[in-house]
Amino acid sequence: MMLKLFGFWIKTAILFLIRSARSTVVLSLMVVTAVTSLIFLSSLAVGVNDAMIRNSVSLYSGHISGFELPSGLKTETLLVEGVASVLKRVSIPVILSYQNHIETVILIGVNPAIEFKTTALREKIIDGKYIQNGERSILLGSQIAERLKVKPGDILDFNAESEKNKGQLKVSGVYKTGIDQFDRGMAFCPLFLIADGQSTWSAAIFLNDGVDPGSVIAAYRRNLPEAHEFKSWEELMPDLRQLIDLEYLSMGIVTILVFGVVSLGIACAFVIFILKNLREYGIMKAMGVTTLEMTLVIVMEVVLMNLAAILMGTIGGILVVLLVEKTGGIDLTAFTSHNRYFAVSGVISPRLTPYSLCLPPLVSFLAGLISTIWPAALVARKKTADILRIV
């Protein structure tokens with residue numbers, strides 16, 4: 001019985017919406033546009049966060065950094081589930097000299113083949129080429145090369161505390177990231193040139209897409225016999241973590257504000273809609289329809305219209321996101337060229353997540369419910385005799 005009665009009021013609400021087709025279409029388009037736009041903007045915000053993380057970890061550091069690892073620990077030991085690659089590095093402070101110019105830098109020994117394949121530093125080379133396995137070569141930052149007055153092909157001297165770590169290196173290439181830490185203070189050479197005699201090494205650990213760095217670090221703590229220091233990008237770059245959290249918060253505020261305006265528009269439109277059809281509501285009251293049932297009809301009208309609009313808006317938002325993804329994303333290089341979180345690429349690709357896909361429709365639905373308060377209260381407060389007298 002209750003289901004039949006409920007079905008009757010749903011049918012009544014649908015008939016009211018059909019009767020005022022123009023108003024229904026206009027209000028629906030407002031909701032559809034808002035949901036579509038905010039799903040796309042939320043997905044774009046997620047894409048911006050993805051790009052900042054990708055740019056930050058792919059240039060050099062990886063998703064996880066290991067420090068002061070013992071020489072006996074093999075890189076294969078760190079290849080647990082979720083890890084794409086582990087890069088071994090050994091760093092020492094050295095003095096580089098060329099003719100009358102001298103610079104002190106951190107010289108980092110790397111495996112050139114693996115580094116070239118895994119990191120994005122190769123994309124920042126502005127002159128020359130990347131270092132090669134077996135060569136006595138060095139890759140310099142642009143500021144170091146400028147102060148030493150060297151170019152690819154020049155031979156410079158390097159000296160370190162250890163007698164083994166002395167000799168000459170040929171400048172293979174010059175890179176420029178726009179980040180002072182790299183361009184001014186770091187140089188790279190093949191690992192064999194400085195690895196001998198070094199008791200510890202550091203690791204840059206790159207993960208597969210979607211893998212949580214915390215779970216990998218927890219696996220290391222379980223599997224390794226000794227406690228070693230591993231830190232995720234979130235620990236090493238707390239400013240980036242805060243920036244991402246701020247982006248999510250800002251997008252949530254924008255979504256609430258937009259649908260706050262939309263709900264006010266729906267409420268105003270339904271008040272006008274009710275005033276236009278006040279005679280019908282008066283007749284319904286005269287026929288014995290209770291205030292609760294009248295409120296239910298109004299709520300049903302808004303909910304049904306909102307659900308249909310949300311569905312269309314969600315489909316529209318998904319299609320827009322997929323279209324932008326298919327076309328290669330949005331290139332914002334011109335606006336991010338001096339931003340260190342976009343040192344590798346300024347291309348943003350929106351990505352659908354539960355956050356970007358569910359937040360706008362959910363807020364839209366709640367805003368729609370809130371918008372029923374005013375028109376429902378308007379009908380509830382009017383007495384049947386007063387309504388019939390007015391009309």
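The values are calculated or read from the model by the stated rules, or taken from the named source; none is laboratory data. Since the model is a prediction, treat every value here as computed from it, not as a measurement. Cβ sites come from the backbone with ideal geometry, for glycine too, and all protein chains shown count toward neighbours.
Here are the numbers:
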item	result
Enumeration of residues in the stretch 157-180 that are aromatic (Phe, Trp, Tyr) and either assigned by TED's automatic domain parsing to the domain that holds ARG340 or at pLDDT 90 or above (or both)	TYR175
Verdict on ALA45 being closer than 30 Å to LEU307 by Cα, buried (at least 19 other Cβ atoms within 10 Å of the Cβ) and within 12 Å of the chain's Cα centre (by Cα)	yes
LEU139 in contact with a Leu (Cβ under 7 Å, 6 or more places away or on another chain), under 16 Å from MET186 (Cα atoms) and either modelled with pLDDT of 90 or more or not in a loop (DSSP other than H, G, I, E, B) (or both)	no
Selection status of SER97, polar (S, T, N, Q) and in contact with a helix residue (DSSP H, G or I) (Cβ under 6 Å, 6 or more places away or on another chain)	no
Given (1) modelled with pLDDT of 90 or more; (2) more than 18 Å from SER91 (Cα to Cα), number of the condition ASN223 does not satisfy	(1)
Subset of the stretch 333-366 that is part of a loop (DSSP other than H, G, I, E, B) and hydroxyl-bearing (Ser, Thr, Tyr) - its residue that is nearest to LEU257 (Cα to Cα)	THR353
Pairs with Cβ under 6 Å, 6+ apart, first in the stretch 305-334 and without any contact (Cβ under 8 Å) to a residue 24 or more places away in the chain, second crowded, with 16+ Cβ neighbours inside 10 Å and part of a loop (DSSP other than H, G, I, E, B)	LEU332/GLY346; THR333/GLY346
Residues of the stretch 212-243 classified as part of a helix (DSSP H, G or I) and either hydrophobic (A, V, I, L, M, F, W, C) or out of contact with any Pro (no Cβ under 8 Å at 6 or more places or on another chain) (or both), total	20
Failed item, numbered, when ARG222 is tested on (1) touching a residue at least 12 places away in the same chain (Cβ under 8 Å); (2) out of contact with any Phe, Trp or Tyr (no Cβ under 8 Å at 6 or more places or on another chain)	(1)
